[in-house]
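Notes follow once the structure below has been shown.
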2 protein chains.
Amino acid sequence: MEKGDSLQQLRAQIDALDGQLIDLLSRRLNLVRQAAAVKKEQKSAAYSKEREAFLLRSRAQQAQAAGLPEGLIEDILRRLLRESYQGGGKSAYPCVLKSERPLVLIGGKGGMGQLFASYFKASGYQLEIIDRDDWDRAPQVLGRALAVFISVPIDLTAAVIARAAPLLPADCVLCDFTSVKAPALAAMLQAHPGPVLGLHPMFGPDIRSMVKQVIVSVGGRDEEKSGFILQQFELWGAKVCTCSAVEHDKAMGIIQALRHFTTYCYGMFLSEIHPDLRQILDLSSPIYRLELLMVGRLFAQDPRLYADIIMSSQGNLELISRYMDSLKPQLDLVLRQDKDAFVRCFNEARAYFGEYAGKFLTESGALLARVQDQRSS
Amino acid sequence: MEKGDSLQQLRAQIDALDGQLIDLLSRRLNLVRQAAAVKKEQKSAAYSKEREAFLLRSRAQQAQAAGLPEGLIEDILRRLLRESYQGGGKSAYPCVLKSERPLVLIGGKGGMGQLFASYFKASGYQLEIIDRDDWDRAPQVLGRALAVFISVPIDLTAAVIARAAPLLPADCVLCDFTSVKAPALAAMLQAHPGPVLGLHPMFGPDIRSMVKQVIVSVGGRDEEKSGFILQQFELWGAKVCTCSAVEHDKAMGIIQALRHFTTYCYGMFLSEIHPDLRQILDLSSPIYRLELLMVGRLFAQDPRLYADIIMSSQGNLELISRYMDSLKPQLDLVLRQDKDAFVRCFNEARAYFGEYAGKFLTESGALLARVQDQRSS
């Protein structure tokens, strides 16, 4: 480099270099696609935690040696890995259990049903879908089923279980995708004498890849018979988390019902005081922009779905009531401007979060930087 | 590529390619550093909205032509741009107003004071810092000040203004960084007959770059005299947003006070019902993980700061009370499981969010994908 290089010359060099970057990324994705094809032949999983960890570690060392700023190569690699998990695509999964008997998705025309249908098909399973308008096929299809997945709105689940179970072979695995597990599991165990498995996919039908997505598994009966299903999920890259129905339902009260309720209430309040959203966005810190994003996204979705989730169990209603009761003393404290009491309470909650508070600060910092990256000015 | 390539061979090729990627990134950052140096000589801003938009647009076209998946090059470039804004560094800013007279930061040993001090120094200003333990220097230092920035805890602001103002030359610009602008501005206007400017940086002292950070500006008096300060902020890449003190304080009630209060209350409630955080994290959807990150990060920070922000004005307390009142009918609706009423309310809020709901869904989708990228398994 000459000292006298003008800005224009430097920018031309950056432009040329970005051309090389695009070429290189394109070649890399091509290699990854070939690797995915080989992995399918070898019947190994789309996602390998060990390979990911190795890649990130070794590249970070190389990047440090090359003098790159900390964290840069990791961020870029994680973004590339996402692409390769998605690009692995639905056309290339090994099949854990080859069988002539079909997997049956009841309610398979809904978003979640379609998603699982496409993954099962891509893994070489015989697949049948039964929706409300073709129930006349049910006796014939269900009579040969290897496993049945009930993927219908929560208030229909019990009725559909009662209707389907008598048609199943005794060794068929009966599963459901309902977001409240205790009643669904009880209904399945009562209606079907064979293997039973409760499932709850912790994502919506719009995901672009199953890699790293959580599927909760709640054991029902004859778990050795349903093991192939969980193995298949893991081959897709999903993370299977096992717990009891009671633990699941308690956690979902927090993770789903209370969370959606508070977001909904906050959005309702904003619409009541109707601040100018354009101005609020202009004045926002990255933290508040993120908050607004998460609130606004709720209202772009289906209200029935949220009503169902929030009001799906007595436990949820009790949790929400208890939460509302907990707010009163906090309001009083703030209204009397008691900063010392605020600090005492704050420190209690800090103790509960423990080492997570600091971890969350770091991890959210990376996300907030990303919120800023997206800002156009 | 041969058909028979094994996974091992393909991985070796990917490894080699990543070596080239690191080399290329290193050369790119080097070019960017040189461009930053040229820009400093030319006295142009660290960040150019137009250049950023041009880069993103033209690379996206090239990437599409090369068959790269949509969004990939944009994400990588935004990440690189962040690095180059940070790497532009604090050692290279042009100075809008050369003067022998100093800028003075009162409370300059606090985090925010230190941040602005380093930026002002890096831009070639004479800089003086006065903290509580060296107030005896105040008459001499303040007597020559070009501009004074008051950066002290909010409950000390009025007293510090009253103490400092009589020592200032009549043409000195008096500024503050307080998060409630109406009273601070009134106090400055009353105490100082010269130029007055209210400022509120919408970020914490831990940011790594001023690029795209918002600084709110509230005009006080003789704005042509304080214009150089806002121009300087813009040269650092910050976005200056101008509004009235009343608009600012109303917006901050929402953006800061209510937001922090609800986050605090939610954290308090979690600590009261103390679920196992490890299990909750395992079972979480990306949305709830993000929620936990944002709640947990609050409790890693200074409680006094949050108490000050939440309780800093009567307007905030009224807003919080009004919010609490708004929750009651929502709770009633949920307890009587009135899904139709829920859907009606939901649709009202959706109408308020208007086109933002869809935009927020898309933008948050990109962030949630990033939350998944970070997940280690």
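The values are calculated or read from the model by the stated rules, or taken from the named source; none is laboratory data. It should be emphasised that the depicted structure is a prediction, and the values quoted were computed from it without experimental measurement. With ideal geometry, Cβ positions are generated from the backbone for all residues, glycine too; neighbour counts draw on all protein chains shown.
Odds and ends about this structure:
- Restricting the range B:102-140 to residues that are in a strand (DSSP E or B) and aliphatic (A, V, I, L, M) leaves a set whose member that is surrounded by the fewest Cβ atoms within 10 Å (Cβ to Cβ) is B:Leu127.
- In the set (1) more than 25 Å from B:Val214 (Cβ to Cβ); (2) modelled with pLDDT of 95 or more, the condition left unmet by B:Ile106 is number (1).
- Of the listed requirements (1) farther than 23 Å from A:Arg375 by Cβ; (2) more than 25 Å from the chain's Cα centre (by Cα); (3) hydroxyl-bearing (Ser, Thr, Tyr), B:Tyr125 misses just one: (2).
- Residue ID - nearest to B:Asp249 (Cα to Cα), chosen from residues in the range B:182-214 that are of a type in the set (Gly, Ala, Ser) and part of a loop (DSSP other than H, G, I, E, B): B:Gly204
- For the range B:196-216, a residue qualifies if it is away from every other protein chain (no Cβ under 11 Å) and surrounded by 23 or more Cβ atoms within 10 Å (Cβ to Cβ), and the qualifying residues are B:Val196, B:Leu197, B:Gly198, B:Leu199.
- B:Val295 vs. criteria under 28 Å from the mean Cα position of the chain (by Cα) and either within 23 Å of A:Asp308 (Cα to Cα) or touching a residue at least 12 places away in the same chain (Cβ under 8 Å) (or both): yes
- Any chance A:Leu331 is surrounded by fewer than 22 Cβ atoms within 10 Å (Cβ to Cβ) and in contact with a helix residue (DSSP H, G or I) (Cβ under 8 Å, 6 or more places away or on another chain): yes
- Subset of the range A:152-176 (residues that are touching a residue at least 12 places away in the same chain (Cβ under 8 Å) and small (Gly, Ala, Ser)): A:Ala158, A:Ala162, A:Ala164, A:Ala165, A:Ala170
- Counting only residues that are among the aromatic types (Phe, Trp, Tyr) and over 26 Å from the mean Cα position of the chain (by Cα), the range A:345-377 holds 1 of them.
- Within the range B:73-101, considering residues that are part of a loop (DSSP other than H, G, I, E, B) and among the hydroxyl-bearing types (Ser, Thr, Tyr), the one farthest from B:Phe233 (Cα to Cα): B:Ser99
- Hits in the range B:142-156 - residues which are crowded, with 18+ Cβ neighbours inside 10 Å and either at pLDDT 95 or above or touching a Gly at 6+ places or on another chain (Cβ under 7 Å) (or both): B:Leu142, B:Ala145, B:Leu146, B:Ala147, B:Val148, B:Phe149, B:Ile150, B:Ser151, B:Val152
- Contact map, the range B:218-239: first residue within 19 Å of B:Thr178 (Cα to Cα) and of a type outside the set (S, T, N, Q), second residue at pLDDT below 95 and crowded, with 17+ Cβ neighbours inside 10 Å, Cβ cut-off under 6 Å, separation 6 or more or different chains; pairs are B:Ala238/B:Met210; B:Ala238/B:Gln213.
- Once the range B:355-375 is narrowed to residues that are more than 7 Å from every other protein chain (Cβ to nearest Cβ) and not aliphatic (A, V, I, L, M), the residue that is farthest from A:Leu367 (Cα to Cα) is B:Glu355.
- The range A:286-354 holds helices (runs of 4 or more DSSP H) entirely within its bounds, and those carrying 3 or more residues that are closer than 28 Å to B:Phe360 by Cα and more than 7 Å from every other protein chain (Cβ to nearest Cβ) map to A:286-298, A:303-310.
- Here A:Arg278 qualifies as without any contact (Cβ under 8 Å) to a residue 12 or more places away in the chain and of a type in the set (Lys, Arg).
- Of all residues in the range B:31-57, those that are more than 27 Å from the chain's Cα centre (by Cα) and more than 8 Å from every other protein chain (Cβ to nearest Cβ) total 1.
- Scan of the range B:58-72 for residues that are assigned to a helix (DSSP H, G or I), at the interface with chain A (Cβ under 8 Å from one of its Cβ atoms) and among the hydrophobic types (A, V, I, L, M, F, W, C), ordered by number: B:Ala63, B:Leu72
- Within the range B:243-276, considering residues that are charged (D, E, K, R) and within 8 Å of chain A (Cβ to nearest Cβ), the one farthest from A:Arg322 (Cα to Cα): B:Glu247
- Taking the listed residues B:Asp134, B:Asp171, the one that is of a type outside the set (Val, Ile, Thr) and over 28 Å from B:Leu235 (Cα atoms) is B:Asp134, with no other qualifying.
- Every residue from the range B:220-241 that is part of a strand (DSSP E or B) and surrounded by fewer than 17 Cβ atoms within 10 Å (Cβ to Cβ): B:Val240
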